[in-house]
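**Q** The structure is given below, and queries will be raised subsequently.
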Amino acid sequence: MKVLVINAGSSSLKYQLYDMRNELVLASGRVERIGMDSSIVTHEPVDKPEVRNVSEILDHVTAVKRVIDMLTHPEFGALSHLNEIDAVGHRVVHGGEVFSSSVLVTQEVKLEIRRLFDLAPLHNPAHMMGISAVETNLPNVPQVVVFDTAFHQSMPNTSYLYPIPTVLYRRHKIRRYGFHGTSHAYVSTHAAEYLNKPLESLKMITCHIGNGASLAAIMDGKSFDTSMGMTPLEGLMMGTRSGDIDPAIVPFVMNKEELTLNEVNSMLNKHSGMLAISGISSDMREVTEAMLEGDKNAKLAFDMYAYRVKKYIGAYAAAMNGVDTIVFTAGVGENSVALRKAICDGISFLGIELDEQRNSERRKDAREITTDASRVKVLVVPTNEELLIARDTYTIVKSLESNQS
Ligand code: AMP
């Protein structure tokens with residue numbers, strides 16, 4: 001079975017084509033600047049050189065058409081005919097309280113995703129455009145949606161409710177949803193396999209630390225708590241997002257700086273975090289380089305970033321009454337030797353003994369970075385959200401086929 005994975009944004013669309021017999025990527029790519037006259041399609045077949053094409057792509061229907069043209073191109077395509085695409089899996093950011101697992105796209109599912117536009121106004125409408133565009137281009141191909149929030153639907157109400165008037169939860173569904181669920185699910189499963197232990201037997205903290213960042217406490221194989229909240233703004237300090245702040249700062253700043261709600265929202269989402277504190281960049285590589293060259297603000301940003309991850313690890317170890325596995329993943333978690341060391345060195349009381357040599361190795365596979373004697377195992381596990389989307393899509397469509405036969 002060949003599965004096309006799509007991550008549709010409002011002006012971009014990323015894709016990966018998988019052969020599920022061996023879970024190998026046949027081709028991947030992205031369409032950027034959808035809606036403009038100079039849209040760019042970058043197509044990367046696995047065994048051929050990258051192809052770039054600039055043309056007018058005004059909507060997602062045309063974007064998907066161009067993706068199919070690329071995939072079936074006689075020279076650099078990966079398919080001889082579009083009917084070789086057996087299923088399409090989409091990343092959808094918000095599944096609200098309705099979706100606790102991936103599902104086949106039906107009229108009812110589309111209606112529910114539309115009902116959730118309020119909770120993810122920037123993302124869900126774009127995902128719906130992706131789903132409709134596939135329907136237009138590949139009308140008979142089954143589609144599956146995989147939600148970023150689904151994995152965290154197992155949280156108990158003590159984790160997901162906010163201590164504010166409950167009418168707000170009842171009326172508007174204001175609660176913690178959590179995000180990066182596909183990544184937390186993927187790396188926790190992979191980490192358990194690596195350790196050769198059942199996931200259900202482990203108390204695990206997964207640290208997805210990239211441009212956006214979140215931690216998850218995973219107990220009995222399920223998400224027990226996570227640091228992002230109703231939106232992806234809560235929790236850790238991130239590239240440009242503030243993470244946790246005193247909510248009273250919002251009205252105070254609006255009043256003192258005469259800012260509108262939109263302006264404060266933009267300040268907290270786009271002009272805070274590492275960018276604000278370092279005054280240099282939201283990018284961990286650039287901040288680390290500046291720190292090593294002696295920049296004090298860059299060092300402060302780095303230290304604050306590490307400190308906040310450490311605090312959450314402590315909180316989640318307490319929440320689960322223990323921790324035996326910590327997993328680092330995503331751009332920073334997989335690559336920043338210095339940040340992993342800064343975090344692990346400060347929480348040795350938990351039973352973590354970092355192996356400096358293992359931590360400094362630059363490898364692309366899952367690995368342990370603690371000593372053999374360390375009570376808590378710390379792993380680096382590269383995330384692969386697309387593969388999890390492809391797997392869920394395959395499983396759902398396969399079960400559909402066997403039910404029909
Ligand atoms: P992501 O959002 O998962 O793509 O992660 C992006 C973040 O990962 C950026 O802040 C990058 O600076 C960071 N990153 C990527 N490679 C490295 C590296 N070798 N060292 C430190 N940070 C890195």
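**Q** Mind running the shape call on segment 195-325? Use the C-alpha gyration tensor, a ≥ b ≥ c as the square roots of the eigenvalues: rounded below 1.5 for a/c, prolate if a/b tops b/c, oblate otherwise.
**A** In terms of gyration-tensor shape, oblate.
**Q** Would you mind working out the accessible area per residue for segment 210-280, using a 1.4 Å probe, and quoting it in Å²?
**A** That works out to 48 Å² for each residue.
**Q** Next question, about the same structure. What value, in deg cm²/dmol to 500, does the helix sum -39500 (n - 2.57) over DSSP H runs of n ≥ 4 give at 222 nm once divided by the residues of the chain?
**A** So the helix-based figure for the chain works out to -11500 deg cm²/dmol.
**Q** Now, a different point. For segment 226-332, what is the number of Lys pairs with C-alpha distance below 24 angstrom, counting only pairs 8 or more positions apart or on separate chains?
**A** Eligible lysine pairs with Cα atoms under 24 Å apart amount to 9.
**Q** Starting from the residue with the highest accessible area, list His184, His271 in decreasing order, probe 1.4 Å.
**A** Per-residue accessible area, sorted high to low, gives His271, His184.
**Q** Just the number, please: carbon plus sulfur as a percent of the accessible area of segment 21-61, 1.4 Å probe, no ligands or DNA/RNA counted.
**A** For segment 21-61, the apolar C and S fraction of the accessible surface comes to 48 percent.
**Q** In the chain, with Lys and Arg counted as +1 and Asp and Glu as -1 at Cβ, which of these residues, Ser38, Val134, Met238, has the Cα nearest the positive end of the dipole, that is, farthest along it?
**A** Met238
**Q** What are the lysines whose alpha-carbon lies under 25 Å from the alpha-carbon of Lys110, with same-chain residues fewer than 8 places away excluded?
**A** Excluding near neighbours in sequence, the set is Lys2, Lys14, Lys65, Lys173, Lys398.
**Q** Something else about it: In debye, nearest 20, what is the charge dipole magnitude of the chain about its Cα centre with +1 on Lys and Arg Cβ and -1 on Asp and Glu Cβ, if you could check?
**A** Roughly 720 debye, rounded to the nearest 20.
**Q** Under 1.5 on a/c is rounded, so check that first for segment 313-387, then, if it is not, pick prolate when a/b is larger than b/c and oblate when it is not; a ≥ b ≥ c are the square roots of the alpha carbon gyration tensor eigenvalues.
**A** oblate
**Q** Of Ala120, Phe99, Leu79, which is farthest on the positive side of the dipole of segment 72-125, counting Cα position, with +1 on Lys and Arg Cβ, -1 on Asp and Glu Cβ, and the Cα centre as origin?
**A** In segment 72-125, that residue is Ala120.
**Q** Compute the relative contact order of the chain as a whole-number percentage, counting only Cα pairs closer than 8 Å that sit 6 or more residues apart in sequence.
**A** 14 percent
**Q** Dipole size in debye (nearest 20) for segment 258-323 around its Cα centre, Lys and Arg Cβ +1, Asp and Glu Cβ -1?
**A** Using only the charged Cβ atoms, the result is roughly 360 debye.
**Q** Further question: Compute the signed sum of charges (Lys and Arg +1, Asp and Glu -1) over the other residues within less than 10 Å, Cβ to Cβ, of Met228.
**A** Taking every other residue near Met228 into account, the sum is 0.
**Q** Just to verify a number: FRET efficiency for Glu56 and Tyr307, C-beta to C-beta distance, R0 = 56 Å, to 0.05?
**A** The calculated FRET efficiency here is 0.70.
**Q** For segment 1-110, which trypsin sites (Lys or Arg not before Pro) pass both filters: DSSP loop (anything but H, G, I, E, B) and at most 11 other C-beta atoms within 10 Å?
**A** Listed in order of number, the matching sites are Arg21.
**Q** Leaving out ligands, DNA and RNA, what percent of the accessible area of segment 270-312 is carbon and sulfur, probe 1.4 Å?
**A** Its accessible area is 52 percent carbon and sulfur atoms.
**Q** With an 8 Å Cα cut-off and a minimum separation of 6 or more residues, compute the relative contact order for segment 137-283 in percent.
**A** Taking the mean separation of contacting Cα pairs over the length of segment 137-283, I get 19 percent.
**Q** Which GluC sites (Glu not before Pro) does segment 221-266 hold that lie in a coil by DSSP with at most 16 other beta carbons within 10 Å?
**A** Counting only loop positions with at most 16 other Cβ atoms within 10 Å, the GluC sites (Glu not before Pro) in segment 221-266 are Glu258.
**Q** For an R0 of 51 angstrom, estimate the FRET efficiency from the Cβ-Cβ distance between Arg285 and Leu82 and round to the nearest 0.05.
**A** 0.85
**Q** While we're looking at this one, here's another question. Once R0 is set to 56 Å, what does the formula 1/(1 + (r/R0)^6) return for the Cβ-Cβ distance between Met1 and Glu293, expressed as a FRET efficiency to the nearest 0.05?
**A** 0.65
**Q** Right, another one. How would Ser100, Ser281 rank on accessible area, largest to smallest, probe 1.4 Å?
**A** Most to least solvent-accessible, the answer reads Ser100, Ser281.
**Q** Given the Cα-Cα distance of Leu111 and Ala373 and 0.36 nm per residue of separation, how much length would full extension add, in nm?
**A** So the chain would gain 89.1 nm between Leu111 and Ala373.
**Q** To continue, here is another question. Once Lys and Arg get +1 and Asp and Glu get -1 on their Cβ, which of Ile352, Ala338, Leu24 lies farthest toward the positive end of the dipole of the chain?
**A** Toward the positive end, the furthest listed residue is Ile352.
**Q** Loop-only GluC sites (Glu not before Pro) in segment 278-341, please: DSSP not H, G, I, E or B, and at most 11 other Cβ atoms within 10 Å.
**A** Those that pass, being in a loop and sparsely packed, are Glu293.
**Q** Would you mind working out the magnitude of the charge dipole of segment 254-294 relative to its Cα centre, with +1 at each Lys and Arg C-beta and -1 at each Asp and Glu C-beta, to the nearest 20 Debye?
**A** 120 debye
**Q** What does the charge add up to near Asp365, with Lys and Arg as +1, Asp and Glu as -1, over the other residues with Cβ less than 14 Å from its Cβ?
**A** +1
**Q** Where Lys and Arg each count +1 and Asp and Glu each count -1, what net charge lies around Gly178 among other residues with Cβ under 13 Å from its Cβ?
**A** -1
The values are calculated or read from the model by the stated rules, or taken from the named source; none is laboratory data. Fair warning: this is a prediction, and the values are worked out from it, not measured in the lab. Methodologically, a virtual Cβ is constructed for each residue, glycine included, from the backbone with ideal geometry; neighbour enumeration extends over all protein chains shown. Accessible surface is based on the protein model in full, side chains and every heavy atom, while ligands, DNA and RNA are left aside. Shrake-Rupley method; radii C 1.70, N 1.55, O 1.52, S 1.80 Å.
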